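To keep things clear, I will list the structure first and then write my remarks on it.
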Amino acid sequence: MRKLSLFTLAAGLALSLAAQAADQWQLPVSSKKLANGLTVVVSEDHSSPTVGVSVVYKVGMRLEPKNRTGFAHLFEHLMFQGTPKAPKGVFDKVITGGGGNNNGSTRPDFTNYIETAPVSALEPILWLEADRMKTLDFNAATLKNQQDVVKEEIRVNVQNQPYGGFMWIDIGGLAFEKWENNHDGYGSFKDLENASLDDVRAFHRDYYGPNNAVLSIAGDIKPAQAFALAEKYFAAIPKRPTPAPSDFREGLNTAEKRLQQSDKLAQVPAIAAAWKMPDRGSKDQPGMAVLGELLAGGDASRFYQGLIKGRELALNVDSLYGLTSIWEYDGPTIFTVFALYKPTTTADALLAAMDEEIAKVVKDGVDEATLKRVKTRLLADWYNGLESFLNRADTLAKLQALWGDAKVVNQIPGWIEAVTSADVQRVAKTYLTVANRSVIDRKPVAMLAAPATADAATKP
């Protein structure tokens, strides 16, 4: 995947960061790369006799095979279905039996597998993770079973839910041009059914080698101990060639995109408005974080106060950064605002109100008191997210995989602190434009005069 230099973002911040360093919590971070390419990250913390473990593979929806939409998600499920040495059920039984729990998720640029447990269970966890990195139990029955599981997940979470994930699935399909960025990574039934055992074997071979992975351990362990365990369980796994990614870069959009959808389950209309964001590592990324919080971060935000309290157009306002967070992407992504709105108003009225609030930021910037409040909330959320050993291990693994350096975890607070009113103005003016905006207006079927002509409901 394309990596942007950290120096791009660091330029101009050195003096500010030095002045603030004494006031920041410095998370302990140690890292080592094994001979086979596996990067191991450790954060030592003896405040609890537990550990969090995360294994992040640098592959996600963006790199799955064409005509196999949802394959990276399907493969995530298959990783829990057993190996020749640890048959189906052993993984969960060992971890839960040791007092822990586990999970996994798929995003555009990575797939992560996470566990938390008492430190006494660390070695079994690492053995299990290394075992499924080596190989899986490739068999037709397991593949068919998990194809059905994923399809049922889509039915439950998308098809049978009001609004159907249109604010995190369909909006990307509208906003982006390239297949890598705009296809439905959750999965289409047809593509899921067409996945073969050969596809599964090839995907594991190509993307699940140690040289395409990061192992992160946070908690009650010293770095030297963790590195020794990583060597013990992972060092013998040979590195494997990883295919070069296609060029999935995209520029900002130059003309607004609009789509209307019908919804059989929704009671009120909703809107998803999305803008393409700055590249990871650009000087505008911290400003985008502050701007997103200013506009849509809770009850004090401009959109909440302006659209719900002031103009009384919307019933709620929420926001998201693609399928992940503001710091965890490595390709084109979007800032999306999702709102339910009153049937007595229109999507155009809601968008006009958003544009007014954005225009105020572009014209006047942000006063110091508001800027401080927004930054404080961002910093509090950042530090709170690192308290849990599980979240800490996972965050460090993702930062190492996407940025190439887990120690970015200690730089992000300084980047947030260094954002000025002028930065927020520039980012709003550059990215939150009508031309760079994509909009889906999702209406209950009963509200549409002729639903048959506007039925673009989310497809599996």
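The values are calculated or read from the model by the stated rules, or taken from the named source; none is laboratory data. Since this is a predicted model, take the numbers as computed values, not measurements. Positions of Cβ are generated from backbone atoms using ideal geometry, with glycine treated the same way; all protein chains shown enter the neighbour counts. Calculation scope for accessible area: heavy atoms of the full protein, side chains included, ligands and nucleic acids excluded. Shrake-Rupley method; radii C 1.70, N 1.55, O 1.52, S 1.80 Å.
Observations on the model:
- For segment 62-68, backbone phi angles converted through the Karplus equation (6.51, -1.76, 1.60; θ = phi - 60°) give residue-by-residue couplings of 5, 10, 5, x, 4, 6, 9 Hz, Gly and Pro being listed as x.
- Surface exposure of the chain, expressed per residue as accessible area with a 1.4 Å probe, stands at 40 Å².
- DSSP bridge orientation in the chain - percent antiparallel, rounded to nearest 5: 75 percent
- Residues whose amide H lies under 5 Å from that of Thr50, counting only those 5 or more places away or on a different chain, are Val119, Asp220; hydrogens are built 1.01 Å from N in the peptide plane.
- Here segment 15-160 is described by how far its Cα atoms reach on the three principal axes: 57, 37, 36 Å, from widest to narrowest.
- Phi-based couplings in Hz for segment 356-372 (Karplus 6.51, -1.76, 1.60; Gly and Pro marked x): 5, 5, 5, 4, 4, 5, 4, 7, 10, x, 10, 5, 4, 5, 5, 4, 5
- Label-to-label distance, nm, for residues given as Ala369 and Trp25 (7 Å Cα→Cβ offset): 2.8 nm
- Mean separation of Cα contacts under 8 Å, 6 or more apart, over the residue count of the chain: relative contact order %: 25 percent
- The smallest convex shape that holds all Cα atoms of segment 354-452, its convex hull, gives 205 Å³ per residue.
- Net length gained if the chain between Lys66 and Ala228 were fully extended (0.36 nm per residue, minus Cα distance): 54.4 nm
- Summary of packing: across the peptides 400-409, 170-179, 364-373, the per-residue average of other C-beta atoms within 10 Å ranks them, highest first, as 400-409, 170-179, 364-373.
- Each peptide in 381-388, 33-40, 183-190 gets a packing score, the mean of other Cβ atoms within 10 Å over its residues, and the list from highest to lowest is 183-190, 33-40, 381-388.
- Shape parameters for segment 398-453, alpha-carbon atoms, Rg then Dmax in Å: 20.4, 55
- Kirkwood hydrodynamic radius of segment 76-137, Cα pairs, Å: 11.9 Å
- For segment 209-271, convex hull volume per residue from C-alpha positions, Å³: 281 Å³
- Long-range Cα-Cα pairs in segment 25-87 (distance over 18 Å), rounded percent: 62 percent
- His46-Arg205 FRET efficiency (beta carbon distance; Förster radius 35 Å; 0.05 resolution): 0.35
- Cut-off under 5 Å, modelled amide H: who pairs with Arg240 long-range: Asn211
- Close amide H contacts of Gln261 (hydrogens built in the peptide plane, cut-off under 5 Å, sequence separation of 5 or more or a different chain): Asp441, Arg442, Lys443.
- Phi to ³J(HN,Hα) by Karplus 6.51 cos²θ - 1.76 cosθ + 1.60 over segment 434-439, Hz, x for Gly, Pro: 4, 5, 8, 9, 10, 9
- About its Cα centre, the dipole of segment 186-344 is roughly 120 debye, where the only charges are +1 on Lys and Arg Cβ and -1 on Asp and Glu Cβ.
- Gain in span if fully extended, Ala380 to Glu123, counting 0.36 nm per residue against the direct Cα distance: 89.2 nm
- Where labels lie 7 Å past Cα in the beta-carbon direction, separation of Asn157 and Ala300 in nm: 3.3 nm
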